[in-house]
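The values are calculated or read from the model by the stated rules, or taken from the named source; none is laboratory data. Here the structure is a predicted model, which is why all the values come from computation and not from measurement. Cβ: placed from backbone, ideal geometry, glycine included. Neighbour counts: every protein chain shown.
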Amino acid sequence: QLQLVESGGGLVQPGGSLRLSCAASGTTLNAYEVGWFRQAPGKSRAGVSCIRSTTFSTYYADSVKGRFTISRDTAKNTVYLQMNNLKPEDTAVYYCAAGTRTAVVGLCRTRGYEYWGQGTQVTVSS
């Protein structure tokens with residue numbers, strides 16, 4: 001079965017950049033809808049950026065548009081989230097997730113994503 005492991009989080013100053021990686025194993029990610037979610041203190045998990053496996057339609061939360069970019073490296077079976085111009089409100093635990101085409105009805109809605117990584121902490125602070 002599919003397994004996901006995030007990496008690349010850390011402490012960064014406002015305006016800085018990080019690239020998160022999500023390494024998949026067990027099967028190829030090509031047939032899966034994939035995405036990045038985050039959970040800030042005191043808040044529920046929410047979609048940040050997601051992509052469709054077939055149409056490659058993308059979703060970006062309004063708060064990250066123009067700053068974050070989701071991408072895939074099929075050869076490495078890895079998904080990335082490039083985060084630029086980070087803000088303190090981006091502080092959260094970031095998770096990558098995947099779901100089958102049939103399971104993901106709404107793009108970046110948490111319920112449709114069946115497989116989750118353990119998360120990686122991103123802290124944006126001076």
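Here is how the numbers come out for the structure above:
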read-out: Tally, over segment 35-51, of residues that are aliphatic (A, V, I, L, M) and not in a strand (DSSP E or B); value: 1
read-out: Residues of segment 24-34 satisfying the condition of being in contact with a strand residue (DSSP E or B) (Cβ under 7 Å, 6 or more places away or on another chain) and surrounded by 14 or more Cβ atoms within 10 Å (Cβ to Cβ); value: Ala24, Leu29, Tyr32, Glu33, Val34
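This table checks each residue for (1) hydroxyl-bearing (Ser, Thr, Tyr); (2) within 15 Å of the chain's Cα centre (by Cα); (3) exposed (fewer than 14 other Cβ atoms within 10 Å of the Cβ); (4) within 12 Å of Ser71 (Cα to Cα).
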position: Cys22; (1), (2), (3), (4): no, yes, no, yes
position: Trp36; (1), (2), (3), (4): no, yes, no, yes
position: Pro41; (1), (2), (3), (4): no, no, yes, no
position: Val48; (1), (2), (3), (4): no, yes, no, no
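This table checks each residue for (1) modelled with pLDDT under 95; (2) among the acidic types (Asp, Glu); (3) surrounded by fewer than 20 Cβ atoms within 10 Å (Cβ to Cβ).
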{"site": "Pro88", "(1), (2), (3)": "no, no, yes"}
{"site": "Cys96", "(1), (2), (3)": "no, no, no"}
{"site": "Gly99", "(1), (2), (3)": "no, no, no"}
{"site": "Val105", "(1), (2), (3)": "yes, no, yes"}
{"site": "Thr110", "(1), (2), (3)": "yes, no, yes"}
{"site": "Thr123", "(1), (2), (3)": "no, no, yes"}
